[in-house]
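So the structure is just underneath, and the comments pick up after that.
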Amino acid sequence: MFRNMKMKTLLSLGVGFVSLICLTVSGLVIGGRVSDITRESAIENMNTSLAGQASVIDLFVSDSENMLQAYASADEITNLLKEPDNAEYISAAQAYTEKYFSKLNQWEGIYLSNWDTKVLAHSSAGAVGMVTRTGDALEPYRQTMTSSNDGFFNGGAFVSPASDQLIFNLRMAIYDDNGEPMGFVGGGPFISGLNELLEGPEIPELENETYAVIDAANLIYAYHTDSNMITAPIEDSALLEIAEKVKTGEESGVLYDSGNMIVYRNIPGLNLIVTMQDSESELLSDSINVIKIFVVFIVMTVILVIIATVIVSRFATAPLKKVTTAVNTLGSLALNANWQISEYTGTKSEVGRIATSVSSLTKALQNIVSTLSDCSRTLNSGSKVMISTVSSLSSCANDNTVTAENLSSGVTYANSAIQKVNKDIVTISKIMSDSRSTNSERIKSADKLMESAERMFSNITQKTAETETDINMSMGYLNNFEHINDNVTRIQSIARQTQLLAINASIESSKAGEAGKGFAVVASEIKDLSENSSKAADAIYDVCMEMNANIGNIRSCFEEIISFMKNDIVDVFNNMQDISENLKASIEGLNSDMDKISGFIGNISREARELNGVVEKNEHGVESISSKVQITYSMVQKLNDLIVENMETARNINEIISNFS
């Protein structure tokens, strides 16, 4: 859509759009800031008004406390508290109370009580003698006064049961010379007197503001701009929310509710919250008016900017018409000089640069057309010469191609025969090489077998010698058993002698009679021991005889084993060594014969390779000739194609030149 618009139209719309955006953003920022400043100013004014209202309440309470303190400082009051039964003091205190009350404005009553809450004097004589607190309620009631430094207690606003009106509950303790409390005075000023003070001057900027003083303890209106709302219970959810915030310790703030702005301030010690509310639309009316005026200003400014932009762009784009005409003329391939843009050529403006470029492009195209015309004539003349040259080259290339093909077929046949011989020689060489490799492995195996046989023969010889030594040593140990036979013979001889000695001892003991009985027992035991020793010696002798026979058998077995190892096994290893040496000699002879054959085959293979090299050189030469013939032929073809293309190019150039005027 925008591509078909004129530059001046696009420029005007773009400037107007950018101006509109900038002014709109500025308006939003300024409008928001004006609204914030207006809101802050309104909140500040409302807080100032609330501070004044709170000061009025503090001043009213302070004046009421001063009046109560002045009443308590009279001699009639202190005399009665010191002598409560004195009739003269009672009468004087009552008269003073009634007289003092008559001078007060907007007070429900004033009274004097002893420390036990018995009324001693009252503005209403009928209340004298009443007791207001007894039992558990008495002590907390006293503490409300003694807990403060000056003895004052302000109970805040409450609805009096006597008058059904809001009053302040004020009390003050009275102390004796020793600092002990002996009684107190109290009174209740009507809050209606405060309401007259709160109806002060209004804020000029705010016409519909609403004041309200909330009794936070009882959640009723202590004061309201609408006097009918005083003492009514609070049902407004926003004011109830403010009361909850004050309970949590929040002393002041701002609450927004349903388009209204409520500013509140707590009065500590009185359970009163002063509030002021007004609609945000009224508070921000001035800022809204400012924003409306600024919107009108923005619209007018944008319109003026667009009009100015149209005028300036129309003037600035006038030279572009001449340049556009020159470009269109150049687009129709008319290369005549355009004198309309000559006045702008060479200047530094955008139009001047375009005019300079158009003039330069016209001159360049004129030079190109002239050059193309010359090239076309040159191409036509050169193509005729190239056609005759191509005909001669083509006939020569055909003759060379036939000759090269014949020579190539003969060389190819010879090369295939030589390659076949080479393959056979290579096969024989491989077989002989494999056989020689196998024979080498066999020789290595025979050498290893001989080395193993020699090691085994050496080991067996060494083991045979060691075994023979061990057998001789063992036989020496076995020969020691012959000494056992000698010892057995000695034991048998000792046993026989012991037996004879036992017999002689028995004979001698029998001769001795009673005195030899003990010795006879010993002789009998010795005889038994000798018999047992003789039997054991006989058994050992029999075993030794059998062992001697077994030792003889073992000796003969060992001698046969040693004979076998020395004779038979050594012969076997000697035979194996002879066979291995003969096998190795045979294989070495075979390798020698194969070496001779390999040398002969190597000579044949070397001659075949030399012949193959000559054939390959001839083949490469033929291939080179053939490839050169092919290249010559392809060059002829390309040259022919190039001639055709040149002729076609010459025709196209002539057509292009004919389009220019």
Check the range 146-160 and report whether any residue there is in a helix (DSSP H, G or I), closer than 23 Å to A70 by Cβ, modelled with pLDDT under 90 and acidic (D, E).
no
So which of A222, A217 ends up being at pLDDT below 80, closer than 18 Å to G155 by Cβ and either not in a loop (DSSP other than H, G, I, E, B) or not small (G, A, S) (or both)?
A222
Residue under question is T132, and the condition is that it be among the β-branched types (V, I, T), within 30 Å of A216 (Cα to Cα) and surrounded by fewer than 18 Cβ atoms within 10 Å (Cβ to Cβ); does it hold?
yes
Is it fair to say C544 is open to solvent by 50 Å² or more (accessible area, probe 1.4 Å), at negative phi and modelled with pLDDT under 75?
no
Residues within the range 255-266 that are open to solvent by 10 Å² or more (accessible area, probe 1.4 Å) and assigned to a strand (DSSP E or B), tallied
6
With the checklist (1) open to solvent by 70 Å² or more (accessible area, probe 1.4 Å); (2) closer than 28 Å to I191 by Cβ; (3) among the small types (G, A, S) in hand, flag the one item A51 doesn't pass.
(1)
For the range 42-63, does any single residue satisfy the condition of being in a loop (DSSP other than H, G, I, E, B) and at pLDDT 80 or above?
no
Return the pairs, sorted by first residue and then second, in which the second residue is open to solvent by less than 10 Å² (accessible area, probe 1.4 Å) and part of a strand (DSSP E or B), the first residue lies in the range 253-264 and is touching a residue at least 40 places away in the same chain (Cβ under 8 Å), the beta carbons are less than 6 Å apart, and the residues are 6+ apart or on different chains.
V254/V263; V263/M276; Y264/I273; Y264/T275
Test result for G249, on the phi > 0 side of the Ramachandran plot, under 51 Å from the mean Cα position of the chain (by Cα) and not in a helix (DSSP H, G or I):
yes
Return only the number of the condition from (1) modelled with pLDDT of 85 or more; (2) exposed (fewer than 15 other Cβ atoms within 10 Å of the Cβ) that V296 does not satisfy.
(1)
Restricting to the range 172-185, name every residue that is surrounded by fewer than 20 Cβ atoms within 10 Å (Cβ to Cβ) and in a strand (DSSP E or B).
Y175, P181, M182
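The values are calculated or read from the model by the stated rules, or taken from the named source; none is laboratory data. Note that the coordinates shown come from a computational prediction; the quantities given were computed from them, not determined experimentally. A quick note on method: Cβ atoms are made from the backbone with ideal geometry, for glycine too, and the neighbour counts reach across all protein chains shown. The protein model used for the area step is the full one, side chains on, heavy atoms only, and it has no ligands, DNA or RNA in it. Shrake-Rupley method; radii C 1.70, N 1.55, O 1.52, S 1.80 Å.
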